[in-house]
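Take a look at the structure set out below.
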Amino acid sequence: MGLGLSANGQTLDGKWTAAWRVLDNGESDHLYLDLHQTGAEITGAATTIGHRYQVTGDITGNHFKLALSKGGSERAIAGDLIGTQLHLTFEKAELVAFPAKPGDENPGYERISPPALKDLPYNGLAKTPPMGWNSWNAFENHVDDKMVRAIADAMVTSGMRDAGYVYVNIDDTWEGVRDAHGNLGSNNKFPDMKALADYIHSKGLKFGIYSSPGPRTCAEYPGSYGHEEQDARTYAAWGVDLLKYDWCGARMIYGNDDLQAVYQKMGEALLKTGRPIAYSLCEYGNGRVDTWGAKVGANLWRTTGDIHDSWTSMIANITKQIPTAAGPGHWNDPDMLEIGNGHMTDDEYRTHMSLWALTAAPLLAGNDIRTMTQAIKEILMNREVIAVDQDALGKQAVPVKMGDLDLWAKPLADGSVAVGVVNMGASESVATIRMSDLGLGGEVKSARDLWAHTNVEFRSGAYAARIPSHGVLMLRVSATK
Ligand code: GLA
């Protein structure tokens, strides 16, 4: 037993397969394990249809624990060896794995050499940070044509479109399967993408879609690997206005050294369609994407891993945004908004909105636009804060620490400065903002509180206000020099 043998002398050594799930495009996904057991230690590999992991773990008696890793994305498996079966939990599902037969393996992929590097021309889009809505944060795979049309309607009736939120972006899980000619269609959730795009356009909105440079997306649907030009042509024919291109499944083939060339390939394919399609990279900020994103024709690129609807996650993402620089046409993206998804306070959501605006981040709402409270509407559609985000100068604020208070100052095109003071502490605090903190000299010409929507007065070159825990004070200040 101590050597990892189960009661009947079985070990985990060998190849195992377990049926896992059926994707929304009808494809079956299974977990395949190739394990080696030495004493109680286990090593090996695990695959699903779209991911490949290294495995380490151990077994005590019949019970085993495995850690699956693939460059930063960890999964865990726990289970029991019962006779010749593994009873295990994976991704919250209870699975039974059986000894695998030849042919049970998940598909392998030949490496296609990415193109030689060159600088692609700017597509002329996204002169200010893109604004819109994306399906992932609130809905994940629970997205379909009917819901996206209802969201498009709500973008108009709620006032979101007129506040500047124009993209309606379908994230992962829309994909069908490729036909005999390699053309990728949508799955049953989206019976007619062209008709949906036409509907979105008829509302004065733009249509965004999602894919991966890998053979599979993050949610394991078919990606654009080896079909880049073909997929770009499909998107153009549907009327797509933005592509989010998510690295995930490309990890099965490429390393970080290949990022730029692989992203360049789709950048070039999009340009070749002749349709203006904004290009949004999602590779979690690896390989200093801010230094080459513009060269591959991208308009925005993620600087971080996935955001979650929590204060800690939101602050962690904006913190990772700090060392990067951006400007018109080319934006750093600390991920989509969580405002309105229910797990932060309204003060925290105001801070979220303010920080995204101060760092000139894309404003992609990630909530259910159909059911927003008045408070959430006022946060997402605060036009004075949106104007800071959309400022033509496109500068990104960096914070200065003042104890529990972080001061973020963003120079604006008209010579004024937007400033946000965030109370990172657990209790209310008084913030004092001085003209010198803002790099402004002379006298204050105007100062406005962008959340209270009132003018405020600087006295002796300073303004003081109380800020609740995790709250924000945001001003726009202009001076005589
Ligand atoms: C990754 C991305 C997310 C989302 C999902 C979809 O995790 O970072 O924003 O697109 O994939 O599967």
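What lysines does residue 445 reach when the alpha-carbon gap must be under 24 Å and sequence neighbours fewer than 8 apart in one chain are set aside?
Filter leaves 395, 410, 481.
Just to check I understand the Karplus step: with θ = phi - 60° and J = 6.51 cos²θ - 1.76 cosθ + 1.60, what whole-Hz values come out for the range 219-226, glycine and proline as x?
Each residue's phi maps through the Karplus curve to give 8, 6, 7, x, x, 9, 3, x Hz.
For the chain, which whole percent of the accessible surface, found with a 1.4 angstrom probe, sits on carbon and sulfur atoms?
51 percent
Amide H neighbours of residue 217 under 5 Å, counting only residues 5+ apart in sequence or on other chains, H built in-plane at 1.01 Å?
223
If you roll a 1.4 Å probe over the heavy atoms of the protein chains, what accessible area per residue do you get for the range 422-473, in Å²? Don't jump to the answer; show the numbers that get you there.
On the way: 2790 Å² over 52 residues.
That works out to 54 Å² for each residue.
Percent antiparallel among DSSP beta bridges with both residues in the chain, to the nearest 5?
On the way: 85 of 108 bridges.
For the chain, the DSSP antiparallel bridge percentage is about 80.
Counting helices only, and only those DSSP H runs with n ≥ 4, report the 222 nm mean residue ellipticity of the chain as the sum of -39,500 (n - 2.57) divided by its residues, in deg cm²/dmol to the nearest 500. Don't skip to the end; give the middle numbers.
Details: 10 runs with 95 residues, N = 481.
Rounded to the nearest 500, it is -5500 deg cm²/dmol.
Quick one: Karplus J couplings for the range 24-37, per residue in order, coefficients 6.51, -1.76, 1.60, θ = phi - 60°, nearest Hz, x for Gly and Pro?
Values per residue, Gly and Pro as x: 5, 9, x, 6, 8, 10, 9, 9, 10, 10, 10, 10, 10, 10 Hz.
Starting from the amide H of residue 329, placed 1.01 Å from N in the peptide plane, find each other amide H under 5 Å away whose residue is 5 or more places distant or on another chain.
127, 128
Explain nothing, just the number: relative contact order of the range 96-192, from Cα pairs under 8 Å at least 6 residues apart, as a whole percent. All intermediate terms of the calculation are to be shown ahead of the outcome.
On the way: 74 pairs, mean separation 25.1, N = 97.
Relative contact order of the range 96-192: 26 percent.
With a 10 Å radius around each residue's Cβ, average the other Cβ atoms per peptide and rank 440-450, 248-258, highest first.
My ranking of the peptides, most packed first, is 248-258, 440-450.
Once the Cα atoms of helix 311-321 and of the chain are each reduced to a long axis, what angle between those two axes, in degrees from 0 to 90 to the nearest 10, is obtained?
Around 80 degrees separate the two axes.
Which ³J(HN,Hα) values, rounded to whole Hz and listed in residue order, are derived for the range 166-179 from phi using the Karplus coefficients 6.51, -1.76 and 1.60 in 6.51 cos²θ - 1.76 cosθ + 1.60 with θ = phi - 60°, glycine and proline given as x?
10, 7, 10, 10, 8, 8, 4, 5, 8, 6, x, 10, 6, 7
Among all the lysines, which ones have a C-alpha under 19 Å from residue 272's C-alpha, if same-chain residues fewer than 8 places away are not counted?
118, 244, 295
Output the lone cysteines of the chain: those with no second cysteine's C-beta under 4.7 Å from their C-beta.
Flagged as lacking a Cys partner: 282.
Looking at the range 196-281, which GluC sites (Glu not before Pro) are DSSP coil and have at most 13 other C-beta atoms within 10 Å of their C-beta? Working shown, then result.
Numbers: sites: 220, 228, 229, 268; in loops: 220.
Answer by residue number: there is no such site.
How high is the relative contact order of the chain, given as a whole-number percent (alpha carbon pairs under 8 Å, six or more residues apart)?
Values: 1118 pairs, mean separation 52.1, N = 481.
Reported relative contact order: 11 percent.
Using alpha carbons only, how many degrees (0 to 90, rounded to 10) separate the axis of helix 193-202 from the longest principal axis of the chain?
Roughly 10 degrees, rounded to the nearest 10.
The values are calculated or read from the model by the stated rules, or taken from the named source; none is laboratory data. Owing to the predicted nature of the structure, the values given are computational and were not obtained by experimental measurement. Cβ: placed from backbone, ideal geometry, glycine included. Neighbour counts: every protein chain shown. These area figures cover heavy atoms from the full protein model, side chains too; ligands, DNA and RNA do not enter into them. Shrake-Rupley method; radii C 1.70, N 1.55, O 1.52, S 1.80 Å.
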